[in-house]
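Step one of this worksheet: look at the structure below.
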Amino acid sequence: MKIETGARKRKNGLIVSALGLMLLASGCGASGEKTAQASGSAADASGEKVTKIVVGTGTGFPQVCFLDENGKLTGFDVELLRKIDERLPQYEFEFQTMDFGNLLLSLETDKIDLVAHVMEKNPEREQKYAFNTEAYAHWRNRIVVAKNNDSIHTLDDLQGKKVLTSATSAEAQIVENYNKEHGAKIHVVYQSGQANDTVSQIASGRVDATIAADFVVPVIDPQGQLKQVGEELTSDDVLYVFRKDDADSAALSGAVDGAVKELKQDGTLSDLSVEWLGSDVTGDHAK
């Protein structure tokens with residue numbers, strides 16, 4: 001299991017310079033974000049051992065997990081995990097970035113300890129993975145087409161059409177389940193998880209549609225080339241993903257739940273959602 005003990009940064013202004021030296025010494029990944037490194041047991045200021053948690057996320061989802069103009073990993077998921085980390089002195093979070101399609105496999109093979117990529121809980125995923133219980137967002141999936149497309153409103157309308165989606169995503173599962181029941185009538189076009197070219201592919205007609213959560217369209221399409229159509233297809237909680245039937249993962253999941261509850265209560269979670277996603281998609285009021 002990848003969970004391992006490591007030196008804990010103290011979260012106060014007294015050791016800012018020391019922390020900077022630690023970061024420089026630790027090295028960076030290709031994205032500029034510190035990646036997981038093996039280390040021995042260490043203690044925080046109180047003498048308690050801390051546990052290093054490797055968080056798997058991506059770099060291609062605008063406003064959620066992406067690289068800013070300075071090459072820094074940031075976004076809603078990333079900054080929320082940093083806030084959670086601040087409230088859990090028994091853990092130290094480090095980010096490891098990869099293609100979306102590799103996240104769940106990396107969790108299974110112990111390369112990471114937690115998946116953070118606005119992952120929706122669905123029956124297919126629950127068969128193989130564990131989720132924390134305190135949702136940090138909730139949204140609805142609908143069909144997305146070009147603004148001038150008035151012929152598509154339902155999944156049935158997508159028969160014979162090309163639908164762009166990311167492999168292993170909850171949205172891909174919607175189309176795959178439809179195809180299982182209707183003889184693979186929809187042509188699924190898989191992408192790597194990079195949301196940056198979705199608008200151009202649909203607007204240019206290379207594909208006919210995608211399926212996306214309600215907050216996604218204004219985030220990836222500020223110029224208004226796309227639109228959502230039809231009724232909601234699914235409505236799901238957004239949670240973190242952990243290894244199933246694993247005691248250490250269960251303890252981590254419980255600790256994360258406690259931190260998320262605190263961040264909801266003090267308004268931090270809502271503030272982060274508005275800052276990064278343009279609206280508050282957190283908690284029961286988002287349903």
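The values are calculated or read from the model by the stated rules, or taken from the named source; none is laboratory data. Note that the structure is predicted; figures quoted are calculated from it, not measured. Methodologically, a virtual Cβ is constructed for each residue, glycine included, from the backbone with ideal geometry; neighbour enumeration extends over all protein chains shown. Surface accessibility is based on the protein's heavy atoms, side chains included, excluding ligands, DNA and RNA. Shrake-Rupley method; radii C 1.70, N 1.55, O 1.52, S 1.80 Å.
Quick rundown of the values:
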| item | result |
| --- | --- |
| For ASN149, net neighbour charge (Lys/Arg +1, Asp/Glu -1) across residues whose Cβ lies under 14 Å away | +2 |
| Beta bridges by DSSP in the range 138-266, antiparallel share as percent, to the nearest 5 | 65 |
| Tensor-based shape of the range 143-255 (alpha-carbon gyration tensor, a/c under 1.5 rounded, otherwise prolate or oblate) | prolate |
| Point-to-point label distance, ASP150-LYS83, nm (Cα→Cβ direction, 7 Å offset) | 4.3 |
| Under 12 Å, Cβ to Cβ, from ALA172 - net charge with Lys/Arg +1 and Asp/Glu -1 | -3 |
| Among SER204, TRP276, GLN228 the positive-end extreme of the charge dipole of the range 159-281 (Cβ point charges) | SER204 |
| Accessible surface of the range 181-287 [probe 1.4 Å, protein heavy atoms]: carbon and sulfur percent | 47 |
| Pairwise centroid distance, computed over Cα atoms, of the range 84-159 with the range 226-241, Å | 11 |
| Listed residues LYS227, LYS147 arranged by accessible area, highest first, probe 1.4 Å | LYS147, LYS227 |
| Extension gain, ASN122 back to GLN159 (0.36 nm per residue minus Cα-Cα distance, nm) | 10.9 nm |
